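The values are calculated or read from the model by the stated rules, or taken from the named source; none is laboratory data. From a predicted model like this one, the values you see are computed outputs, not experimental measurements. Using ideal geometry, Cβ is built from the backbone for each residue, glycine included, and neighbour counts are taken over all protein chains shown. Areas reflect the complete protein model, heavy atoms only, side chains present, ligands, DNA and RNA absent. Shrake-Rupley method; radii C 1.70, N 1.55, O 1.52, S 1.80 Å.
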Amino acid sequence: MNSTNESITGNESSALLHFCDDGNACTADAWNGKECVHTPVNCDDDNPCTIDSCENGVCAHKQKDCDDQNESTIDYCLNGVCVHSSKKCDDGNACTIDTWNGNECVHTPGNCDDGNACTADSCENGTCTHRQKNCNDGNPCTVDSCVNGECYHKGKNCDDGNACTIDACDGRGKCMHLRRNCDDGNPCTIDECDPYWGCSHTPVVCGAGKRCVNGVCQTISSPRAAPSSYTIPPGSSINLPWGTAVTAIGSAKVENGVTYVAGQPLIFSRQLGYDQAALAAQGISQAAGSAEMVGLAWQSNPFSVTLIKPDGSKLFPDSDRQNIKHVTGTNYDYYFLRNPAKGIWNIEIRPINPGSRGESFSLITGLVSGAAFDQ
């Protein structure tokens, strides 16, 4: 054995460790410089309700036996102490987790949340169910969906790509494609529809010295203004002669012109009723004052206005005051129609005592909303 002033060689250290081996795999054997030290292997799992031991070098953790051999008690270990509760915590509900907290039974509902806000999560007989949120609005003309828990209802796309049709859902989930009426009410234009470009209105070409008047090429002896037309875009405010205003829902059409011959009315054709029906079919509610407007204004001598329905009968303003509003003044005559019969309506305007140079007028038609019925 070397003296304390001499170092221990590697061979000597191995020999000492071999000398200190006690043959117990559950101890850590070492030489501390003076003697052999046998330290038990630490098998403590920090659980006071287990009995920790080492067997053949392997840690074992046996649950502490708290069974008191009494079937009427619930036996368990709490913080290292055996508890024998005479209270049973099973509530008979497979959808709860039943536990004893040391003082009372606790019944915690099982977590069935799938993280999807568009499902209704629940537990049935111990099994989680996830039912899709019902976003059906009962309207077959909408596509219903759920995004992040919110329901969305997008109008069904009925666009057939044809500019010559008015496309809408019929209220039963089927798309309808109504032929677009390209008649601009001007008998001196040739009205056509191109599937790509839509309506076009080509002026009638007359021979030298002639001009188209009311659809007929006539010799004009004195200068006379030809009708001119334009449209008012949707959403525009339209001021009415008596000081109120309405808003164009679709494109409102304006026809300016001069009439010359008394006794022969000018006839303008307009397709009415379809736009209101299309909006209603898509579930779009309209304001209380929403109506088809047919209005005529003039400068001096008055005009008479007659509306001819699609069946050829004349419209009487007082026949249905709930759906017909007739407003007249010294220089205007306006109709507002709710839910008019669908089809081609003829608007006949006739000058009364026209001057020698003719009488100028302005005709405006289109679907509008606002205070028209409050006048």
Worksheet item: Which aspartates and glutamates have a Cα lying under 19 Å from the Cα of K34, excluding residues fewer than 8 positions away in the same chain?
Response: E6, E12, D21, D22
Worksheet item: When the Karplus curve 6.51 cos²θ - 1.76 cosθ + 1.60 is applied with θ = phi - 60°, which whole-Hz ³J(HN,Hα) does each residue of the stretch 317-330 get, with x for Gly and Pro?
Response: x, 8, 6, 8, 6, 6, 10, 10, 10, 10, 10, 10, x, 5
Worksheet item: Can you work out ³J(HN,Hα) from phi for every residue in the stretch 162-179, in order, using Karplus 6.51 cos²θ - 1.76 cosθ + 1.60 and θ = phi - 60°, giving whole Hz and x for Gly and Pro?
Response: 10, 5, 9, 10, 9, 9, 7, 8, 7, x, 10, x, 9, 7, 10, 10, 7, 4
Fill in: Alpha carbon centroid spacing (whole Å) that separates the stretch 169-198 from the stretch 311-352
23
Discussion item. Going Cα to Cα from K64, which aspartates and glutamates come in below 15 Å? Please leave out same-chain ones fewer than 8 positions away.
Written reply: D44, D45, D46, D52, D75
Worksheet item: Could you give the nm distance between label points at C54 and T127, where each point is 7 Å from its Cα heading toward the beta carbon?
Response: 5.1
Fill in: Accessible surface of the stretch 121-182 [probe 1.4 Å, protein heavy atoms]: carbon and sulfur percent
44
Worksheet entry | 3J(HN,Hα) from dihedral phi, the stretch 42-56, Karplus parametrisation 6.51/-1.76/1.60, rounded to Hz, x for glycine, proline | 7, 10, 5, 9, 6, 10, x, 9, 10, 9, 9, 8, 10, 10, 6
Fill in: Under-5 Å amide H pairs with G185, H placed in peptide plane, nonlocal only
S269
Item to complete: Using the structure shown, list the pairs from K174/K309; K133/K174; K210/K253; K154/K253; K156/K342 with a Cα-Cα distance above 32 Å, or answer none.
Response: none
